[in-house]
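The values are calculated or read from the model by the stated rules, or taken from the named source; none is laboratory data. Since the structure is predicted, the reported quantities are computational estimates derived from the model, not experimental observations. Virtual Cβ from ideal backbone geometry, glycine too; neighbours counted across all protein chains shown. For the accessible areas, the whole protein counts, side chains as well, though only heavy atoms, and no ligand, DNA or RNA atoms are used. Shrake-Rupley method; radii C 1.70, N 1.55, O 1.52, S 1.80 Å.
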Amino acid sequence: MAKKKILLIYTGGTIGMSKTSNGYAPMLEAFHETLRNIPDLYSDNMPAWDIIDMDPVLDSSNMTVREWNKIGEVIRDNYNSYSGFVVLHGTDTMAYTASALSFMLEGCDKPVVLTGSQIPLCEIRNDARDNLITAMLIAADSKVHEVCLYFGGRLIRGNRAIKASSDELTAFASPNFDYLAEANIEVKYNSKLLRKKSDRSFSLRKLKNVPIGVIKVFPGIQFELFDSIMVESLKGVVIETFGTGNIPDTGDALLPIIRKAAANGTVIVVCSQCPRGAVSLGAYEVSSALEKAGAVSGNDMTTEAAVAKLYYLFSCGYSQKTVKKKMAENLRGEISLV
């Protein structure tokens, strides 16, 4: 039987970096040399693989909508030639990219696995080797039909992931959704949670770089300071509130701002600063103002998923009303049905 073949897409990030006089930086030639010197990557038990490097390779803090579209284009152009894809990515914005790709890759029924590392592959002691090898094996398996993120022994739905630690090898968490799989002696899949194969044909929805903002509520916040950013060009705002959607009771400061935003066509989405749990607008008096002013609940979506979903829905050309409606719908497993 012929080996399955997967495509590695190297975007940059710690996994392929080498030491320089200015600290770690992406070094393509050194990374490829390191890959050539890992015998396990060529084992009979491994899938066949090719690699494509993004140009340029980037620290993930420099990722933008432009790079998300480029990654999507590589997957689209090679979709029929490979059984799965592994996107090698820096950790800082990996959850944003995973969320974005989950919406962009419409009708995706192949595994697209994002991974990276906290320690570069070139170092003697690293987490990169296991993350890479296991991600490749998952990408060659036929069990996953969606975008996911593998890191530190855990397979997470892409739009459920958050970066939870800057210095632990288990850097990512899935606060409101169980892991799709855990890799111990064997990779054990949670079959009840895996998405079924899509009945739609595959296509790529490229994202438009529409203006979107994020506001984090804090004690003593002066909402009137944000009035000037609520202009007609602003398409969406994610507000990270306390608890289940609570905001400080500051009189009438917020309502005029949200009404102004709604009149301008801006969609206001409410997410919680708490990693676990969901937004429930109106559960407390201090959250009812948001609901009355026309904000939409993000349920238990991560901020990363909410931002990516706004980009996606506006890129589809939907009206403000339709975007608000679909933000509350579960499109790719990004929210829990309640």
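Just a few scattered comments:
- Between segment 101-135 and segment 166-231, the alpha-carbon center distance in angstrom: 16 Å
- Within the chain, percent of DSSP bridges classed antiparallel, to nearest 5: 35 percent
- Check: the chain dipole with +1 on Lys, Arg Cβ and -1 on Asp, Glu Cβ, in debye: 1080 debye
- Candidates 54, 63, 301: whichever shows maximal mean-square fluctuation once the chain is modelled as a Gaussian network with Cα springs under 10 Å: 54
- Once C-alpha pairs closer than 8 Å and six or more residues apart are averaged by separation and normalised to the residue number of segment 33-147, the relative contact order reads 27 percent.
- Angle in degrees between helix 254-263 and the longest Cα principal axis of the chain, rounded to the nearest 10: 70 degrees
- Potential extension, residue 206-residue 129 segment - 0.36 nm per residue separation minus Cα distance: 24.6 nm
- Using alpha carbons only: equivalent-ellipsoid semi-axes of the chain, gyration tensor based, whole Å: 37, 20, 19
- Signed unit charges on C-beta, dipole axis of segment 105-147, positive-most listed residue 139, 124, 105: 124
- Candidates 249, 199, 50: whichever shows maximal mean-square fluctuation once the chain is modelled as a Gaussian network with Cα springs under 10 Å: 199
- Over the chain, dividing the summed -39,500 (n - 2.57) contributions of all DSSP H runs of at least 4 residues by the number of residues returns a 222 nm mean residue ellipticity of -7500 deg cm²/dmol.
- Nitroxide proxy distance, nm - points 7 Å out along Cα→Cβ at residue 316 and residue 106: 0.8 nm
- Ligands, DNA and RNA aside, residue 218 has an accessible area near 100 Å² when probed at 1.4 Å.
- HN-Hα J in Hz across segment 55-61 - Karplus 6.51, -1.76, 1.60, θ = phi - 60°, x for Gly and Pro: 10, x, 7, 10, 5, 5, 5
- 5 angstrom amide H check on residue 208, placed H, neighbours 5+ away: 315
- Computed over protein heavy atoms with a 1.4 Å probe, the carbon and sulfur contribution to the accessible area of the chain reaches 49%.
- Acute angle (nearest 10 degrees) that the helix 65-78 long axis makes with the longest principal axis of the chain, alpha-carbon atoms: 40 degrees
- Order by protection proxy (mean Cβ within 10 Å, highest first), peptides 163-169, 22-28: 22-28, 163-169
- Think of a 1.4 Å ball rolled over the protein heavy atoms: segment 157-209 then has 65 Å² of accessible area per residue.
- Peptides 185-191, 154-160 ranked from most to least packed by the mean count of surrounding Cβ atoms within 10 Å: 154-160, 185-191.
- Of 82, 150, 318, 179, the residue with the largest accessible area leads and the full order is 318, 179, 82, 150 (1.4 Å probe).
- Angle in degrees between helix 303-315 and the longest Cα principal axis of the chain, rounded to the nearest 10: 80 degrees
- Per-pair calculated FRET efficiency, R0 = 51 Å: residue 30 and residue 283 via Cβ, rounded to 0.05: 0.45
- Mean Cβ count within 10 Å, highest first, over the residues of peptides 88-97, 264-273, 40-49, 328-337: 88-97, 264-273, 328-337, 40-49
- Amide hydrogen neighbours beyond the local backbone of residue 238, cut-off 5 Å, H modeled: 213, 214, 215, 269
- In segment 203-258, one over the average inverse separation of all distinct C-alpha pairs is 13.0 Å, which is the Kirkwood hydrodynamic radius.
- The phi-based Karplus calculation (6.51 cos²θ - 1.76 cosθ + 1.60; θ = phi - 60°) puts the 3J(HN,Hα) values of segment 32-48 at 5, 5, 4, 4, 5, 9, 10, x, 4, 5, 10, 5, 4, 7, 9, x, 5 Hz, whole numbers, x for Gly and Pro.
- Using a simple spin-label model with pseudo-atoms 7 Å out from Cα toward Cβ, residue 142 and residue 64 lie 4.2 nm apart.
- Global form of segment 8-133, assessed from the alpha-carbon gyration tensor, a/c cut-off 1.5: oblate
- Residue 32 contributes an accessible area of around 40 Å² to the protein surface, as traced by a 1.4 Å probe with all chains present.
- Across every pair of non-identical alpha carbons in segment 230-338, the mean reciprocal distance, once inverted, gives a Kirkwood radius of 13.8 Å.
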